[in-house]
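Just below is one structure, and these are the notes that go with it.
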Amino acid sequence: MAKTLPKTDVVVVGVGWGGGIIGAELGKQGLKVVGLERGKERGVKDYYVVHDELRYAIRYELMQDLSKETLTFRNVAKERALPMRQLGSFLLGEGLGGSGVHWNGHTFRFLPYDFEIKTETEKKYGKNKIRDLGLDIQDWGITYDELEPYYDTFEKVAGIGGEDNHFQGKRSNPYPNKPMKETPITGKFKKAAKDMGLHPFSMPSANMTEAYENPYGAKMAACQYCGYCERFGCEYGAKADPTVAVIPYARSTGNFELRTHSNVTEILHDGKKATGVRYVDVQTKEEFIQPAEIVVVTSYVMNNNRLLLQSKLGKPYDPKTGSGIIGKNYCYQILPGVTGFFDEQFNTFMGAGSLGMTVDDYNGDNFDHSDLNFIHGGSISLNQTGKRPIQTNYVPDGTPSWGKEFKEKSTHYFTRTLDLATEGASMPTRNNYMDLDPTYKDAFGNPLLRMTYDFTAQDRNLYSYTQKMMGNIMKEMGAKEVYARGVSEHYDIVPYQSTHNTGGVIMGAEPGTSAVNNYSQMWDAENVFVIGASSFPHNSGYNPTGTVGALAYRAAEGIIKYSKNGGMLA
Amino acid sequence: MAETPNNSENMSRRKFLRNSGYVAGGLIGGGIIGGLLGANLNDDDNDKTAKTDTNAAHSSNQAPIYFTNPEQFAVLKAAVERIYPKDDNGPGAVDLGVPFFIDHQLAGSYGNNTREYMQGPFFPGSDFQGYQTPLLRHEAFDVGLAGLQSYSQQKYKKNFAELEGEQQDEVLKAFEEKKVKLKAVTSSTFFNLLRAATLEGVYADPVYAGNTNMDGWKMKGFPGHQMSYLDKIDSKEFQKIKPNSLHA
């Protein structure tokens, strides 16, 4: 029998960037917030032995324990979905700070085009283009200008270092920190791009370029360019991560109570409003009910979707009829890459998560798509994260993948290869979606989330176009040989691609075509707020965290308003 | 080149047996009896051997804690050496301790898939749905190594470890190309596990028993664990840095 606990003002499900921001902002206003985190507590002090590629990057020390919970996957609805038994294509977070602990820190703002993608695309290319490509795109119910102040807030909290970008939306303030250092590697990209008439800029970085104190009083140290960032926690506290930047402040308000090892299994509701959540202490296995005035679901994408479906909140999406909403518009990211082989040696093992140079000339609608069979595009970057030896084994095309020649070439080229990658936008289509699996269960006996996803013609066309553009840049950089990564015949759940999963609880201007309004408030349950990339109606050609942070700050403002007056906020 | 049996075979076999839980007469089944292993071992110069071993570099972790059968271990050693052979640039997988790295990994969380979803039902799945065998990794290695041996016997009438290098490559290639039937796992899944584990053993921090002397890192010019590159990150010169291990 579940034990019912005293009621709180707000309960938060998942304590990463979203949960941490909500805890900090609501706590500041005197609302009592309980933060439920399924994983353990962790912070800078826990990264004493973090420079260990095997443990952190290969065995996924900081990521989700799939033995308890995973999802099932199939490319198309006629296939049998099977469990994702091992991590691969994306690396789900778990534990305090969530994926915000092991991110690289790329902190972009989406383009003004993204928020009004349907209107703008139709205006410029006519209605047929979207229909012919079979896309389910829609405007977000918010404009870039409306979201700008929240981007500004998040950038200040996360101490983002950066510089102006030719294609960016209007900024109310410069970046709060200076850009990352330029290195011979990033400089090579910058020069080549400039010589080609493109517009390179230093990647906006949540690795502190100089020691920084954020508005919550969190002090962050300067980045050491040690090369252990993505998949690792930062032992210097030099990466803006929720356990450094927001959670300490949330706790200092005296109004935020963190409960780790607390896995929420259900949002309780009466059909109109939520009454609280049910959760299990994963150490004692005891079950609790935490009643609350407001429920805030902040579990990025997968668990936001699963919890709503599991709790029968909102209408599940049905791809056959196109009706319903929860699980709709699951999007990912399209990731072409090229590798250039050089004779000269580079310090490829040095780096930082957000050390890089980017061009946006082939992103969004920054270039003409009239004669192209896709919309949108992607940001092209040279990202000097620091190469590590288990994962980096580049060999020229035609080299065997093991044996004498492989050893010779892969050791030789470890410091003689540079690569470029595109973060390509991903557009929703009717048949890419999420629902509950009918067969497979988690450790608590609840159904796993089921993902049905495959690449579309739009994706392939975007892929080959941006890859060609990257090849041109790499040649301009002087590579003697350029290897282009081919697109998989179907989306493959195994090789790592990106943890930028999005959608399923999408935002919009009205119910029916969206699950939440632009305050992340559920149309079907006004006291439930669902924050994360789950609210993106499509995924842009950038990393999602900047936009997740901005939407969390807007949601926080909305929740404070709602706690006083109630009712729908938009 | 392939491992060739030599005079040290007896010695290494005895060492293997001592460390792996066998005694003359039978397998020791439990942890309690395990403590008596040294005393029970009917081996006159056992104590002396143990002493010599402790003095050798890496001896404390260059011993099996998963494998129990020297013949099976010989297959692993020969296979990883073909995947990452000794050459003019430096040591191969065996000299780097990779067989012991894999042994230790199979004994732990990796070998037992403890942080992975292993609930049924199991179905083969498409090429895009990933690992779907009901076998735990250590079982997949058992099946795969036995498969290398039986395929070699069937094709060349020899043990895998006794084949010429080129023949071993032929066998491994057949596995890589999914041409060999194994129980409950495809030969290509096993091969991919073996290849990945070999590279992990070559390049992981030496604390895991591979990458002996950090020679894997040295061959790549990788400096291992360094506190900071702040003063070097914008240097135009390539930096040759003496590698550090995490626990040195």
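The values are calculated or read from the model by the stated rules, or taken from the named source; none is laboratory data. From a predicted model like this one, the values you see are computed outputs, not experimental measurements. Positions of Cβ are generated from backbone atoms using ideal geometry, with glycine treated the same way; all protein chains shown enter the neighbour counts.
General observations
- Just one residue in the set A:GLU41, A:GLU25, A:GLU120 is out of contact with any Lys or Arg (no Cβ under 7 Å at 6 or more places or on another chain), surrounded by fewer than 18 Cβ atoms within 10 Å (Cβ to Cβ) and at pLDDT 95 or above; that residue is A:GLU41.
- Qualifying positions in the range B:84-114 - crowded, with 18+ Cβ neighbours inside 10 Å, more than 9 Å from every other protein chain (Cβ to nearest Cβ) and in a loop (DSSP other than H, G, I, E, B): B:PRO91, B:ALA93, B:VAL94, B:LEU96, B:GLY97, B:GLY111
- Check on A:THR513, within 14 Å of chain B (Cβ to nearest Cβ), more than 22 Å from A:MET63 (Cβ to Cβ) and at pLDDT 95 or above: no
- Hits in the range B:214-234 - residues which are without any contact (Cβ under 8 Å) to a residue 24 or more places away in the chain and either more than 7 Å from every other protein chain (Cβ to nearest Cβ) or surrounded by 16 or more Cβ atoms within 10 Å (Cβ to Cβ) (or both): B:LYS220, B:GLY221, B:PHE222, B:PRO223, B:GLY224, B:HIS225, B:GLN226, B:TYR229, B:ASP231, B:ILE233, B:ASP234
- Conditions (1) under 28 Å from A:GLU481 (Cα atoms); (2) away from chain B (no Cβ under 13 Å); number of the one not met by A:ASN393: (2)
- Here the condition is being assigned to a loop (DSSP other than H, G, I, E, B) and more than 10 Å from chain A (Cβ to nearest Cβ); of B:LEU135, B:LEU76, it holds for B:LEU135 alone.
- Which listed residue, of A:ALA211, A:ALA221, is within 14 Å of chain B (Cβ to nearest Cβ) and without any contact (Cβ under 8 Å) to a residue 12 or more places away in the chain: A:ALA211
- Screening the range A:54-101 for residues that are in contact with a helix residue (DSSP H, G or I) (Cβ under 8 Å, 6 or more places away or on another chain) and within 27 Å of A:THR153 (Cβ to Cβ) and picking the one that is farthest from the other protein chains (Cβ to nearest Cβ) gives A:GLY100.
- Test: A:LYS328 is at positive phi and among the charged types (D, E, K, R): no
- The residues listed here are B:GLU139, B:GLU164; of these, the one that is more than 24 Å from B:PRO64 (Cβ to Cβ) and of a type in the set (Asp, Glu) is B:GLU164.
- Lone qualifier among A:TYR553, A:TYR562, A:TYR491 - being more than 26 Å from A:GLU94 (Cβ to Cβ) and of a type in the set (Phe, Trp, Tyr): A:TYR562
- Subset of the range A:323-341 [part of a loop (DSSP other than H, G, I, E, B) and without any contact (Cβ under 8 Å) to a residue 40 or more places away in the chain]: A:GLY324
- Check on B:TYR117, within 7 Å of another protein chain (Cβ to nearest Cβ), crowded, with 21+ Cβ neighbours inside 10 Å and touching a residue at least 40 places away in the same chain (Cβ under 8 Å): no
- Listing of helices (runs of 4 or more DSSP H) fully contained in the range A:231-317 that carry 1 or more residues being of a type in the set (Lys, Arg) and under 21 Å from A:ARG38 (Cα atoms): A:247-252, A:302-310
- Filter result for A:GLY197 (surrounded by fewer than 17 Cβ atoms within 10 Å (Cβ to Cβ) and not in a loop (DSSP other than H, G, I, E, B)): no
- The residue list A:PHE367, A:PHE342, A:PHE406, A:PHE346 contains one member that is touching a helix residue (DSSP H, G or I) at 6+ places or on another chain (Cβ under 7 Å), of a type in the set (A, V, I, L, M, F, W, C) and either surrounded by fewer than 24 Cβ atoms within 10 Å (Cβ to Cβ) or more than 14 Å from chain B (Cβ to nearest Cβ) (or both), which is A:PHE346.
- Selected residue (only one of B:GLU139, B:GLU170, B:GLU200 is over 18 Å from the mean Cα position of the chain (by Cα) and modelled with pLDDT of 95 or more): B:GLU170
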